[in-house]
Structure formats: C-alpha cells, structure tokens
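J.: There's a structure below that I have some questions on.
The values are calculated or read from the model by the stated rules, or taken from the named source; none is laboratory data. Source: prediction; values computed, not measured. Positions of Cβ are generated from backbone atoms using ideal geometry, with glycine treated the same way; all protein chains shown enter the neighbour counts. The area values use the complete protein model at the heavy-atom level, side chains included, leaving out ligands, DNA and RNA. Shrake-Rupley method; radii C 1.70, N 1.55, O 1.52, S 1.80 Å.
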Protein chains: 2
Amino acid sequence: MTPLYVIGIGPGDHAHLTMEAEAAIAAVTDVVGYGLYMDLLGDAMTGKRRHQRELGEETDRARMALDLAASGKPTALISSGDIGIFAMATLVFELLDHANQGLENGRGWDRVDIQVMPGISAMQLASARLGAILGHDFCAISLSDLLTDWEVIDQRLNAAAKGDFVTAFYNPVSKRRDWQLNHARTVYLEHRPPETPVIVARNLGRDDERVEVIALAELEASRVDMLTVVVIGSSTTRHIRFGRNEWVYTPRGYAKKRVES
Amino acid sequence: MTPLYVIGIGPGDHAHLTMEAEAAIAAVTDVVGYGLYMDLLGDAMTGKRRHQRELGEETDRARMALDLAASGKPTALISSGDIGIFAMATLVFELLDHANQGLENGRGWDRVDIQVMPGISAMQLASARLGAILGHDFCAISLSDLLTDWEVIDQRLNAAAKGDFVTAFYNPVSKRRDWQLNHARTVYLEHRPPETPVIVARNLGRDDERVEVIALAELEASRVDMLTVVVIGSSTTRHIRFGRNEWVYTPRGYAKKRVES
C-alpha cells in the first residue's frame, strides 16, 4: 500500500497548516495541486515533484493523484482551506465510486492507502479574524450553480434564512455570474433585520487580506469576488466595538439576555 | 498591549494543531483551559503556568484569561476543536460586550490584544476519517437546550432536514438528556430515506477513537455520548466500499448523475 494524503493546507500561507499535514507533506515524493497553493507552502515543497494543473481540471488532478500513488509514489493532493469542504477530497471518492461502476480504469487504486487531512476552512478564519460569528448554529452554502440546480440552492437559502442560521457563502460570485449573491441578500432580508452584521473576507491569510463588517442591507455582489467568503450573522449575532477594535460574535445562548432583563 | 491568543487546538492530541497556534503557545507564559486539553499538548506546555478550571466554569475561564493578559502576562486560552465553533471564543467577546454595558469590571481589558486562532473542528475530522461527507452544503447544530430554547433548535432541525443539508450535531446528548437526538432522527426521517448514511465519531484524535457509519434509521441516543459528534448525510451522500475500505462522501454536484443516465 502506498499513501495518498488528501490535504487541506488552510487559507493563505502555511500558518494554518496542521502538524499532521506538515509531516505528511514531508513524507511524500510527489505533490499534486494548483501551482499557487504549492508556492504558498514555501520550503516544505523543496525536493518534491510538482504536478501542477490549472483550476478547472480538478477531476484530472484527483485522478492523477490516485494514479501516482497506485504506481508506488507516496503522494499528496493538496488544496487551500479544508480539502473536505467544497473542495477536492470528494472528487477522489467519486472516482473510486466510478471505478466500482466500471466508469474509470482505476488500475491499482486498491493499492492506495488514502488518508484525508482536514484544514482550516475560509469561514473559520473569517470568523476568527473578527471574533466568533460561528459561535452558534451555522450553515455553509455554495452559491455556484455550475453543478447544482439553482432550485436546490434557492431552497437551501430559504431554509437557512428561515431557520436563523449564521450562514457562510462559498463561491459567492464567479467571473460569469453575480446575481445569486444579490438574490441571497433579498432572501435573508425577508427574515433578518437590514442591520444584521455580515463579514466580507477577501484573500484570507495572504498579504492583501481584507476583512470588513457591513450591514446585510449593504451586501452587494459588486463588492465581492471569487476569492471572497461572505458570512451572514443570525438574529442574535452582535457587532460591537471595544477600545480600538470591532468584533462580531454569535452568543451560544440566552445568558446575556437573562442578565439584561 | 499584551496578547491573548484564543486558540482551538483541534480534536485529540496536537496532530491537528496549526503552525500559528503552536507558535502562539510557545510565545505565552500562561495558559488557561481544561486540564485534559493542556495534557494533550504535551511538551508544548513545558514551562507554562497552567490555569485549570473544570468544565462548566467556562465564563470564569474566559474572564481569567482576559484578566491575566490585562495584567501584562502573554496568555493563551485554549479549547479542543475550533474554539470559534460551539466553544469558548464567543464567551470572550460576550464579556467585552458586557464590560461595555457595565456588567463586567473589565479593568485593563482595553490593553489586551486579542487574536483568535481557528482549529480543526470535530465534524471536519469525522468527515476526513471516512472521506468527505462535508463535501457539499452543510449545517452544524448544537442539540444542547441548556442555553437555547428547544423551539429554536427544533425549528433549525426542521429547516436543515427539509433543506437537504448534510448536518453535524454537536452536544448530541449529555448526562442529563438524550431524547433530543432521537427526536432529530425522527425529523430527518420525514425528509430522507432510512438508509441515509450517518457518521458516529467518538473520541476523535484520541487512542480510543471510534468512527462508524450507520443508517439513519439505526441512529439511537443510547449509541452516543457527550464525546461524540454525529453527521447525517444529505439525499446525495454516498456510502461506498472500495477494496477493504468504506467511504462516505457528498458529491459537489450532479456530474455523476449525468454520467450514469
């Protein structure tokens, strides 16, 4: 058995890499991933064979990683954030599923020892930068309708808004589409006040990181790009100032209300 | 300004600690947290002043951490998993909020430089151990009604079940209550097939870790304890076998359906 480590390196540089992920990368000979993510790993990539593929060729990358490990090369498949959340890990298992069905060649894949290593996802760092917006019940929804019917996404938006979940939007816009985020704002405004805090976090963990708090009513697709994660607060989320800082947090319950009443 | 690092150390031992969290712990003189979590950090705790408090005294711990930093001691407040997700970070900001309102003394807290560092949350490791159940839209819900009215929790369960979200349950049971999880199963069975895969993961990252896949119809509070996270699949989640392994993943879209049709 040859290992295939399926690794989320966290947002931005290697500050969010976990100990086990660092050790796994040190142990492999081959790394498959988008070139930028390999560059972000810095010295950890020294001496590794790099297998770069452009964004959009994600199934090819997952297949290549399985094939490399099947050929006896200890391999890491990497992506930004948590590779298990809206990212590449699921493609690896979809390929195994297809191989079972005879839709993939899958030669030697049964000799691959797959181990998935979670990473810090963008919403977690966005939350941490400004406090703890994810402190109570939350959802994560991808607004990309490339592979998911819009009706399903819209149903989920309505369910999450009505259920008063803090909500993180992944893929809020793309080069080709931006109306979904404005539609989402409209849905949430039906259930939450216009001043509900929203975190807009761009390029997390990189030099040009920018994280801001806006009101739900101000959320607008033109302020957001592909490298942004958007997190909408629930009805109990608080936006406060303390000293020179501002913070956004969602209380775990009603303790505060009891104190106040 | 003296730093207060609010750090999620990940589930179990330090394998899931991030680079920045490791560096932050190395830089402080004082660590506040539950004793077990400090023990799990091993050598990283050498030479640190330990401020242990029992579980249940969480507000005391957060206040102590702020006070230590306010007195000029670089301090880390730690918890298992992601401290920003159903954990202690939110209490720190609630205390600042209360200090603004005159409900806390808060002496010197404006001299504290708070930095939250996210960690791997239990649902992420549960998902990774068996593949990628969190690969598409998901929710996280705490089933504890200690601080949240049951009506709110029940509304969220119904919204998430109807919205076809993969759903992670935190605090699925406690010593005093277990009916909430069985109720949740009933709600989900109204919207999903009885064979829907469910991951039950106990003691993640520790020596006696146990992770299993069961069918939704088999989910039962008596199989679960306080140290367990439960993740229910969506209608598209797949449970497959490949070679000697089993995997659970949620596809990102309908690519597979297109191939199959």
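J.: Please indicate, with yes or no, whether at least one residue in segment A:136-144 is facing chain B (nearest Cβ under 7 Å) and over 30 Å from B:ILE114 (Cα atoms).
T.: There is at least one residue in segment A:136-144 that is facing chain B (nearest Cβ under 7 Å) and over 30 Å from B:ILE114 (Cα atoms).
J.: Just checking, which of A:ASP67, A:ASP110, A:ASP97 is assigned to a helix (DSSP H, G or I), more than 11 Å from every other protein chain (Cβ to nearest Cβ) and either at positive phi or at pLDDT 95 or above (or both)?
T.: A:ASP67
J.: Okay, moving on. Return the residues of segment A:212-239 that are surrounded by fewer than 19 Cβ atoms within 10 Å (Cβ to Cβ) and out of contact with any Pro (no Cβ under 9 Å at 6 or more places or on another chain); say none if nothing qualifies.
T.: A:GLU212, A:GLU220, A:SER222, A:ARG223, A:LEU227
J.: Is there any pair linking a residue in segment B:26-54 that is in the same structural domain as B:ASP13 (by TED's automatic domain parsing) to one that is among the polar types (S, T, N, Q) and at pLDDT below 90, with Cβ under 6 Å and at least six apart or on different chains, and which?
T.: Short answer, once both residue conditions are applied: B:GLY35/B:GLN52.
J.: Kindly provide the set of residues from segment B:14-39 that are open to solvent by less than 10 Å² (accessible area, probe 1.4 Å), of a type in the set (A, V, I, L, M) and part of a helix (DSSP H, G or I), ordered by number.
T.: B:ALA21, B:ALA24, B:ILE25, B:MET38
J.: For A:PRO251, indicate whether it is at negative phi, part of a loop (DSSP other than H, G, I, E, B) and crowded, with 21+ Cβ neighbours inside 10 Å.
T.: Against the criterion (at negative phi, part of a loop (DSSP other than H, G, I, E, B) and crowded, with 21+ Cβ neighbours inside 10 Å), A:PRO251 qualifies.
J.: Restricting to segment B:123-176, give me the number of residues that are closer than 13 Å to B:GLY233 by Cβ, part of a loop (DSSP other than H, G, I, E, B) and not β-branched (Val, Ile, Thr).
T.: Of the residues in that region, 7 qualify.
J.: A further question follows. Which of the numbered conditions does A:VAL230 fail, given that it passes all the others? Conditions: (1) part of a helix (DSSP H, G or I); (2) away from chain B (no Cβ under 14 Å); (3) aliphatic (A, V, I, L, M).
T.: The number of the failed condition is (1).
Each row is one residue, and each column tells you yes or no for (1) basic (Lys, Arg); (2) over 17 Å from the mean Cα position of the chain (by Cα).
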{"position": "B:MET88", "(1), (2)": "no, no"}
{"position": "B:GLU94", "(1), (2)": "no, yes"}
{"position": "B:ASP97", "(1), (2)": "no, yes"}
{"position": "B:GLY106", "(1), (2)": "no, yes"}
{"position": "B:PRO118", "(1), (2)": "no, no"}
{"position": "B:ARG129", "(1), (2)": "yes, no"}
{"position": "B:ASP145", "(1), (2)": "no, no"}
{"position": "B:VAL152", "(1), (2)": "no, yes"}
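J.: Could you say whether any residue in segment B:71-78 is outside the structural domain of B:CYS139 (by TED's automatic domain parsing), open to solvent by 50 Å² or more (accessible area, probe 1.4 Å) and in contact (Cβ under 8 Å) with a residue 24 or more places away in the chain?
T.: Taking segment B:71-78 as the starting set, the residues that turn out to be outside the structural domain of B:CYS139 (by TED's automatic domain parsing) are B:71-78.
Applying the additional criterion that residues be open to solvent by 50 Å² or more (accessible area, probe 1.4 Å) yields B:71, B:73.
Those still in the list that are in contact (Cβ under 8 Å) with a residue 24 or more places away in the chain too: B:71, B:73.
Scanning segment B:71-78 turns up at least one residue that is outside the structural domain of B:CYS139 (by TED's automatic domain parsing), open to solvent by 50 Å² or more (accessible area, probe 1.4 Å) and in contact (Cβ under 8 Å) with a residue 24 or more places away in the chain.
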